[in-house]
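S.K.: Here you go, one structure.
The values are calculated or read from the model by the stated rules, or taken from the named source; none is laboratory data. Treat the numbers as computed from the prediction; the structure is a model and nothing was measured. Please note: Cβ atoms are built from the backbone with ideal geometry, for glycine as well, and neighbour counts cover all protein chains shown. Quick note on the areas: whole protein, heavy atoms, side chains included, nothing else; ligands and nucleic acids left out. Shrake-Rupley method; radii C 1.70, N 1.55, O 1.52, S 1.80 Å.
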Amino acid sequence: HASDGLDAVGFVQFWGNSPALDLLGDGQAAAFGVAAAGVTPGQQHSKEDKMTGEQFWSREVVDAGDAGAEVHQAVEPAPLPEEGPLNILVAGGADIRHLVKTVARRRGGGGRGPRLRFFLHESNHEVLARHILFLQVVNNTALPARERMEIFLSLYGNTLVRERDSRYVAELADEFVELVTDNSSHPLASAINMDGLKFKDRDILQDVFKGWRADVPFDIEALREQRSRGYYRDRYDFRKNMMDWDYQTHIKDKAGIINWFHYKAFCFTGVAFETRLASYNTSNRTLASYTEAKDRAKGTTVQVRGYWGDLINSPYWAFSIATNAQDRPRLFKVSGAQYRETETDIAEFNLTDYIGQLDTGEELHLPAETPEEHTFPYTSPMEGLRQERKVEEVEESKEQPAPQGGGRARGRRKPAKEWPPLTPAFEGDGVEVVLLSGDLREVLRKSKYRGLFHRGFLGAMAAMPFFEDAGLNRAAEDPFRHPESAPAARIRKPARKEKPELLGARRDDSAFAAVFAEGAEVVAETMKYQAHFDAQQRLAFRHRVAQAGHLFGWRLADEA
């Protein structure tokens, strides 16, 4: 038999399991968070069921659980300050999807506005290293937006990448080492703040970047195959049936736009995005990571390098299951009970749009509708964009960023390379990215973070520190714990009804509650899009998050 699914999730989360959000402006951000109100991007909806963001927040929800049918008004976050930086905490986000969309939407909204400061916390240094890489990719103005999009998607979610993508990473590895040691001339050095990292963290980041060089062996196919055999075990030869079960049970009803054949290909090979006809046959070294293990002979703890990422939760959730309201009807059109476009098409469109807004501030939309879209064989609306953005292939210049291999000692750097400027959205003091690592609770207890953050996103990887901060991981301190035999143990009630007197009971002792400003909005990632938890476990997790927030004095924005 196969394992319970945790073997497939792995130890390092390289991509997020929820859609990208504009943390400053998405009207339905809470619908992806603590108390999702049945919004399932990618699913088929009737026109009568659709709801705009304005309608969503202005609605009145009747609570059928009360005898008096109490009307519960939606909670509004406090207005954002007009002056000074807007501080946003993203803990356990696993990637920079929220940062990219938030900055793009802010610039596309008609102006720079206040400075944005993103505080990105990750427990794994390999994920922080990828943050730096993807910030460089979206800001590489020497390349057109479409080329940046292809490199981003290839390195983001593929275990095997194009040879040119691997070379792109290897050529940047040495420059990133210099970036960590404050010796880099790259413009990105002005946007990334590493003051929150200890010297130990910087040393680990250097080792990660050195592992991206082309001469470092990393057979990701063999390592992933080994992981797959450990997960499927006796059912390895029949793993396609288990993939089909995961897709039909956990994915199709939430995001039908994710194509079954593409999801199956990802589970088999680890390749999720193929944006053009090319050979994806080179290991993606950015997915290499370390985890602790025991030496079989000596019994001592050792660090084992391998592929410790996810096997069954695909990287499609971030950019592939939602898009802007204007183009959604055409991109998510259903014909014969099947979506005409695929998740890769949506990801290409969205990411090209975000990168284009970083460059120009103009939103990307589909070209005018044509009659061919409504007659067989149904021309894709994406074809017009691809024709407009088609460029001639040219030989790559040999003057690429920083040569690969062979580390350089400090004080013996080669002459500084001429790097292209950052995108206008990041230039100057527009955006600052602060990297954080270590124990999340200990980091947040620092006095400089008290009342600092106006917006926050807590990924599933930050859930355990969140629960620990509320004391919910200790049975003796859990005020919501019931005896297993009690009926209440099987009935889920909102925390504000079950224990209304506990609202804010642990606010004064909480590191999480202390760092957010009055009226701040926090979005918590749930297990909604995970492919290995059943409905009861997902519901229990959501209630646990709501209970922790209740103890901190927080209120759910869309609670019914």
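S.K.: Restricting to segment 233-258, count the residues that are among the hydroxyl-bearing types (Ser, Thr, Tyr) and more than 26 Å from the chain's Cα centre (by Cα).
M.R.: 1
S.K.: Quick one: in segment 214-232, which of the residues that are charged (D, E, K, R) and either open to solvent by 30 Å² or more (accessible area, probe 1.4 Å) or more than 26 Å from Phe176 (Cβ to Cβ) (or both) is farthest from the chain's Cα centre (by Cα)? Quick ask: steps written out before the conclusion?
M.R.: Initially, segment 214-232 is screened for residues charged (D, E, K, R), giving 215, 219, 221, 224-225, 227, 229.
From what is left, the residues that are either open to solvent by 30 Å² or more (accessible area, probe 1.4 Å) or more than 26 Å from Phe176 (Cβ to Cβ) (or both) are 215, 219, 221, 225, 227, 229.
Values: Asp215: 30, Asp219: 25, Glu221: 24, Glu225: 25, Arg227: 23, Arg229: 27 Å.
Restricting to residues being charged (D, E, K, R) and either open to solvent by 30 Å² or more (accessible area, probe 1.4 Å) or more than 26 Å from Phe176 (Cβ to Cβ) (or both), the top hit is Asp215.
S.K.: Mind checking which residues of segment 169-216 are of a type in the set (S, T, N, Q) and in a helix (DSSP H, G or I)?
M.R.: Result: Ser190, Gln206.
S.K.: Give all pairs with beta carbons closer than 6 Å in which a residue from segment 227-252 that is within 23 Å of Trp317 (Cα to Cα) meets a residue that is modelled with pLDDT of 90 or more and β-branched (Val, Ile, Thr); count only pairs at least 6 apart in sequence or on separate chains.
M.R.: Between residues of segment 227-252 that are within 23 Å of Trp317 (Cα to Cα) and residues that are modelled with pLDDT of 90 or more and β-branched (Val, Ile, Thr), the close pairs are Asp246/Ile312; Ile251/Ile258.
S.K.: Identify, from the list Asp353, Asp359, the residue that is acidic (Asp, Glu), open to solvent by 20 Å² or more (accessible area, probe 1.4 Å) and not in a loop (DSSP other than H, G, I, E, B). Walk me through it before giving the result.
M.R.: On the way: Asp353 fails: open to solvent by 20 Å² or more (accessible area, probe 1.4 Å).
The unique qualifying residue is Asp359.
S.K.: Turning to a different aspect of this structure: With (1) of a type in the set (A, V, I, L, M, F, W, C); (2) in a strand (DSSP E or B); (3) touching a residue at least 60 places away in the same chain (Cβ under 8 Å) as the list, and Ala293 as the residue in question, which single condition is left unmet?
M.R.: Failed condition: (3).
S.K.: Collect the residues in segment 284-301 that are within 26 Å of the chain's Cα centre (by Cα) and open to solvent by 40 Å² or more (accessible area, probe 1.4 Å), keeping them in residue-number order.
M.R.: Within segment 284-301, the subset within 26 Å of the chain's Cα centre (by Cα) is 284-292.
Of everything in segment 284-301, those that are within 26 Å of the chain's Cα centre (by Cα) and open to solvent by 40 Å² or more (accessible area, probe 1.4 Å) turn out to be Tyr290, Glu292.
S.K.: Being open to solvent by 40 Å² or more (accessible area, probe 1.4 Å) and among the hydrophobic types (A, V, I, L, M, F, W, C) is the filter here, so list the residues in segment 302-337 that pass it.
M.R.: Val302, Val304, Trp308, Ala325, Val334, Ala337
S.K.: Go through segment 414-433 and report how many residues are surrounded by fewer than 18 Cβ atoms within 10 Å (Cβ to Cβ) and among the hydrophobic types (A, V, I, L, M, F, W, C).
M.R.: So the answer is 1.
S.K.: Inspect segment 105-128 for any residue being of a type in the set (S, T, N, Q), open to solvent by less than 10 Å² (accessible area, probe 1.4 Å) and either farther than 23 Å from Tyr280 by Cα or outside any helix (DSSP H, G or I) (or both) and give the result as yes or no.
M.R.: The answer is no, given that none of the residues of segment 105-128 is of a type in the set (S, T, N, Q), open to solvent by less than 10 Å² (accessible area, probe 1.4 Å) and either farther than 23 Å from Tyr280 by Cα or outside any helix (DSSP H, G or I) (or both).
S.K.: Which of the residues that make up segment 258-283 are of a type in the set (Val, Ile, Thr) and either open to solvent by 20 Å² or more (accessible area, probe 1.4 Å) or without any contact (Cβ under 8 Å) to a residue 24 or more places away in the chain (or both)?
M.R.: Within segment 258-283, Thr269, Thr282 qualify.
S.K.: Name the single residue, out of those in segment 113-146 being out of contact with any Leu (no Cβ under 6 Å at 6 or more places or on another chain) and free of Cβ contacts under 8 Å to residues at least 60 places away in the same chain, that is farthest from Pro217 (Cα to Cα).
M.R.: For segment 113-146, the residue satisfying everything is Gly113.
S.K.: Continuing with the same structure: Name the residues in segment 518-548 that are open to solvent by less than 20 Å² (accessible area, probe 1.4 Å) and either modelled with pLDDT under 85 or not in a helix (DSSP H, G or I) (or both), would you?
M.R.: Val523, Ala524, Glu525, Thr526, Tyr529, Gln530, Ala531
S.K.: Please give the number of the condition Gly196 fails out of (1) touching a residue at least 60 places away in the same chain (Cβ under 8 Å); (2) among the small types (Gly, Ala, Ser); (3) under 24 Å from Tyr316 (Cβ atoms).
M.R.: The single condition Gly196 does not satisfy is (3).
S.K.: Would you check which residues across segment 248-299 are in contact with a Phe, Trp or Tyr (Cβ under 8 Å, 6 or more places away or on another chain) and of a type in the set (D, E, K, R) and list them?
M.R.: Hits for segment 248-299 are Lys252, Lys254, Lys264, Glu274, Arg285.
S.K.: Can you tell me how many residues within segment 131-155 are within 17 Å of Ala20 (Cα to Cα), crowded, with 23+ Cβ neighbours inside 10 Å and out of contact with any Lys or Arg (no Cβ under 8 Å at 6 or more places or on another chain)?
M.R.: Initial filter on segment 131-155 (within 17 Å of Ala20 (Cα to Cα)): 131, 134-135, 138, 149, 152-153.
Those left that are additionally crowded, with 23+ Cβ neighbours inside 10 Å: 138, 149, 152-153.
If we keep only those that are out of contact with any Lys or Arg (no Cβ under 8 Å at 6 or more places or on another chain) as well, we get 149, 152-153.
So the count comes out to 3.
S.K.: Could I ask something else about it? What number of residues within segment 511-560 satisfy the criterion of being in contact with a Ser or Thr (Cβ under 9 Å, 6 or more places away or on another chain) and of a type in the set (Lys, Arg)?
M.R.: Count: 3.
S.K.: Are any residues in segment 496-517 open to solvent by 60 Å² or more (accessible area, probe 1.4 Å) and among the acidic types (Asp, Glu), and if so, which ones?
M.R.: Across segment 496-517, the qualifying residues are Glu501, Asp508, Asp509.
S.K.: Now a separate question. I'd like the full set of residues that are part of a loop (DSSP other than H, G, I, E, B) and surrounded by 16 or more Cβ atoms within 10 Å (Cβ to Cβ), limited to segment 434-444.
M.R.: The one that is part of a loop (DSSP other than H, G, I, E, B) and surrounded by 16 or more Cβ atoms within 10 Å (Cβ to Cβ): Ser437.
S.K.: Same structure, new question: Can you name the condition, by its number, that Lys448 falls short on among (1) in contact with a Lys or Arg (Cβ under 6 Å, 6 or more places away or on another chain); (2) among the charged types (D, E, K, R); (3) modelled with pLDDT of 85 or more?
M.R.: Tallying (1) in contact with a Lys or Arg (Cβ under 6 Å, 6 or more places away or on another chain); (2) among the charged types (D, E, K, R); (3) modelled with pLDDT of 85 or more, Lys448 fails exactly one: (1).
S.K.: Looking at segment 57-67, is at least one residue modelled with pLDDT under 95, open to solvent by less than 40 Å² (accessible area, probe 1.4 Å) and either in a loop (DSSP other than H, G, I, E, B) or touching a helix residue (DSSP H, G or I) at 6+ places or on another chain (Cβ under 7 Å) (or both)?
M.R.: Yes, because at least one residue in segment 57-67 is modelled with pLDDT under 95, open to solvent by less than 40 Å² (accessible area, probe 1.4 Å) and either in a loop (DSSP other than H, G, I, E, B) or touching a helix residue (DSSP H, G or I) at 6+ places or on another chain (Cβ under 7 Å) (or both).
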